[in-house]
1. Taking a point 7 angstrom from the Cα of B:VAL105 along the C-beta vector, which residues in region B:119-153 have backbone N less than 19 Å away?
2. Rule-of-thumb check for chain B: C-alpha Rg over 2.2 N^0.38 Å?
3. If you rank B:LEU227, B:LEU25 by fewest surrounding Cβ atoms within 10 Å, what's the result?
4. Among B:VAL79, B:VAL60, rank each residue by its count of other Cβ atoms within 10 Å, from fewest to most, as a rough exposure measure.
5. 222 nm [θ] for chain B, helices only, -39500 (n - 2.57) per DSSP H run of 4+, per residue, to 500?
6. Using the membrane-span-like helix rule (whole DSSP H runs, Cα extent along the own axis of at least 15 Å, mean Kyte-Doolittle hydropathy at least -0.5), which helices of chain A qualify?
7. Using a 7 Å offset from the Cα along the Cα-to-Cβ direction at both B:LEU20 and A:SER60, what is the distance between the two label points in nm, to one decimal?
8. Express the relative contact order of chain B as a whole percentage, based on alpha carbon pairs under 8 Å and six or more residues apart in sequence.
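Values in this text are rule-based calculations from the coordinates and carry no lab data. Since we're looking at a predicted model, the values are computed, not measured. Here the Cβ positions follow ideal geometry from the backbone for every residue, glycine too, while neighbour counts run over all protein chains shown.
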Amino acid sequence: MSFLPYALAAWIFFVGLYGVVTSRNFVHLVICLGVVQSSTYVLLLAIGYRTGKKAPIFTSGVPVKVGAVDPVVQALTLTDIVVGVTGAALLLALVIEIWKRSATLDPDELRQRRT
Amino acid sequence: MSRRTRLGLFVVCGSVLFALFVWGLAGLPAFGTFNGEYGQILNSVAGTERHVTNVVSSIVFDYRGFDTLGEEFILFAAVIGVALLLREARDDRERPRDEVRSDAVRAVGLMLVGPTILLGLSIVAHGYLTPGGGFQGGVVLAGGLALLYAAGHYRAYRAASPQGMVDFAEGVGAGGYVTVGIAALVSGAAYLENFLDLGTKGTLASGGTIVVVNAASGLAVAAALVLLFHEFLEEVMYPE
């Protein structure tokens with residue numbers, strides 16, 4: 001069963017990618033991109049997990065000797081989430097501009113209007 | 001490109017990508033057996049070297065503090081981008097009246113504003129002791145302010161977060177991070193090196209520069225999110 005977390009990451013990645021490719025609405029597309037990005041959180045945390053170990057927070061109750069899961073991937077995941085949120089905000093601002101200019105959110109329709 | 005061609009292309013390219021993905025995953029250590037030396041070393045030395053109990057925070061704000069500086073400015077740049085795209089010179093039209101009608105939503109929601117902001121402050125303040133930190137707490141802080149809009153009305157939310165103050169807080173948060181690095185240079189250490197007194201482990205006065213950088217990030221993140229709410233809500237409130 002040890003492949004399940006990795007399989008989950010792969011599934012989220014490709015489900016999100018399918019959404020991006022077939023999207024007919026820019027808002028939906030941005031959300032799908034967020035789904036793709038979520039797979040990286042699962043992947044990072046799955047890599048850093050160590051069976052039987054605790055979170056890398058050593059308050060007085062937890063002696064250092066016990067050991068903990070990898071803290072580096074957790075820090076990376078934190079960065080990942082922040083970048084994902086800000087990226088989504090910027091993309092949604094662009095979507096609003098598209099709506100104002102061409103009154104459509106469908107990528108295909110937008111292309112037709114250009115030509 | 002028609003939708004069918006695109007889907008066909010996706011099936012072909014997606015399969016190749018999937019094969020590469022699986023090939024890459026097969027090379028990873030089995031789930032639960034990862035033995036990254038960097039992480040193990042940090043787990044065992046962060047407590048004695050930096051006097052903090054949350055190792056993740058010590059990585060984010062100290063060991064890899066320079067990377068977080070980059071992250072902070074990705075946040076900053078994205079917020080500036082959104083403001084550039086959406087902010088318009090709006091005259092002082094009267095703020096729309098959009099009071100929440102449900103008494104229950106209003107009562108519970110507004111009652112939660114104070115506790116939410118307090119919780120946010122606590123998560124920021126204890127960021128290097130227990131789970132949390134500037135980024136997580138900053139989001140909760142901004143959420144507390146957004147509750148004013150969600151459960152009260154837009155004018156109350158705007159009154160609680162004046163544009164000038166939020167812009168200023170965003171600048172101070174991002175600039176504060178850089179300043180800590182420069183202060184380290186002035187003191188004779190390397191950029192962003194922890195040069196302050198490390199204090200007593202397990203108390204709020206521990207971690208040296210982590211305290212300052214953590215607080216600066218909390219401020220920057222809270223201000224950034226409030227700024228984003230502003231720009232998007234203005235779009236809703238004043239449709240063209």
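1. What the label zone holds, given the 19 Å backbone N cut-off, is B:143-153.
2. Details: Rg = 22.6 Å, N = 240, 2.2 N^0.38 = 17.7 Å.
In units of the 2.2 N^0.38 Å rule of thumb, it is 1.28.
3. Numbers: B:LEU227 23, B:LEU25 17.
Neighbour counts put them in this order, fewest first: B:LEU25, B:LEU227.
4. Numbers: B:VAL79 25, B:VAL60 29.
Result, fewest neighbours first: B:VAL79, B:VAL60.
5. Numbers: 9 runs with 161 residues, N = 240.
After summing the helix terms and dividing by the residues of chain B, the value is -22500 deg cm²/dmol.
6. Working: long enough: A:4-22 (27 Å, 1.73); A:26-48 (34 Å, 1.96); A:71-102 (46 Å, 1.36).
Span-like helices here: A:4-22, A:26-48, A:71-102.
7. 5.3 nm
8. Values: 296 pairs, mean separation 58.6, N = 240.
Normalised by residue count, the contact order of chain B is 24 percent.
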